[in-house]
């Protein structure tokens, strides 16, 4: 059995601070709130990376990142997975003016498959998870409370390869360890 990893965009400290000001007053015990040190936008999840495939995966991810130019991103608004009435996940929505995230996620997915790492094919819905519940619940009051959520725009100039250790974080949550920081190509100025 291999190790668990994911490729992600991690917001910079300024965006984390802005998001924290929105989220902290709304944290309660009804949901399992993600700690701000763990906030990220997942591009691809790799559930089983064998040790001997790690170097190839990393090299190919670095190439994929370098072929993607830096781009602007912000968090704007909130949403829920499955629905507001039967939510099991509350998230901050991304605003990606250049629509770069879907292509980058596709490259991260393809990189895994060409490295021999299995990855589930799912519809990509870029988001930053704020909170989870085991049982679906009405999240309308949280959606209303966070409706105006907005961070400043930041430049995404790297992706991270993050290792996930199930059950090793606070309260039995996963612990995340950034293993690689892979720079994107320079932005094209017109």
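Here, each number is a calculation from the coordinates, and none is a lab measurement. Fair warning: this is a prediction, and the values are worked out from it, not measured in the lab. Cβ placement follows ideal geometry from the backbone for every residue including glycine, while neighbour counts extend to all protein chains displayed.
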Inset, instruction - Name the shape class, rounded, prolate or oblate, that the alpha-carbon gyration tensor gives for segment 129-184, where a ≥ b ≥ c are the square roots of its eigenvalues, rounded holds for a/c under 1.5, and otherwise prolate holds if a/b is larger than b/c and oblate otherwise. - result: oblate
Inset, instruction - When you have a sec, figure out the Kirkwood radius of segment 85-131 from all distinct Cα pair distances and drop it here in Å to one decimal? - result: 12.5
Inset, instruction - Evaluate the distance, in nm, between pseudo-label points positioned 7 Å from the Cα of residue 85 and of residue 66 along their respective Cα→Cβ axes. - result: 5.2
Inset, instruction - Consider a paramagnetic label point 7 Å from the Cα of residue 17 along Cα→Cβ; state which residues of segment 122-161 have an amide N under 20 Å from it. - result: 149-157
Inset, instruction - Only residues of segment 27-61 count here: report those whose backbone N is under 11 Å from the spot 7 Å along Cα→Cβ of residue 133, or say none. - result: 30-32
Inset, instruction - Could I have the simple spin-label model distance between residue 56 and residue 125, label points 7 Å from Cα toward Cβ, reported in nm to one decimal? - result: 3.3
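Do you know the relative contact order of the chain, to the nearest whole percent, from alpha carbon pairs under 8 angstrom that are 6+ apart?
This gives 33 percent for the chain.
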Legend entry - Net lengthening on full extension, residue 155/residue 1 (0.36 nm per residue, minus Cα-Cα): 51.8 nm
Legend entry - For a label point 7 Å along the Cα-to-beta-carbon line of residue 173, residues of segment 27-55 with backbone N under 16 Å: 27-42
Legend entry - Förster radius 35 Å - calculated FRET efficiency between residue 103 and residue 147, Cβ distance, rounded to 0.05: 0.75
Inset, instruction - May I ask for the percentage of alpha-carbon pairs in segment 79-161 that lie more than 19 Å from each other? - result: 52
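When the helix-only estimate is applied to the chain (DSSP H runs of n ≥ 4, each -39,500 (n - 2.57), divided by the residue count), what is the mean residue ellipticity at 222 nm, nearest 500 deg cm²/dmol?
Numbers: 4 runs with 45 residues, N = 190.
Per the formula, -7000 deg cm²/dmol.
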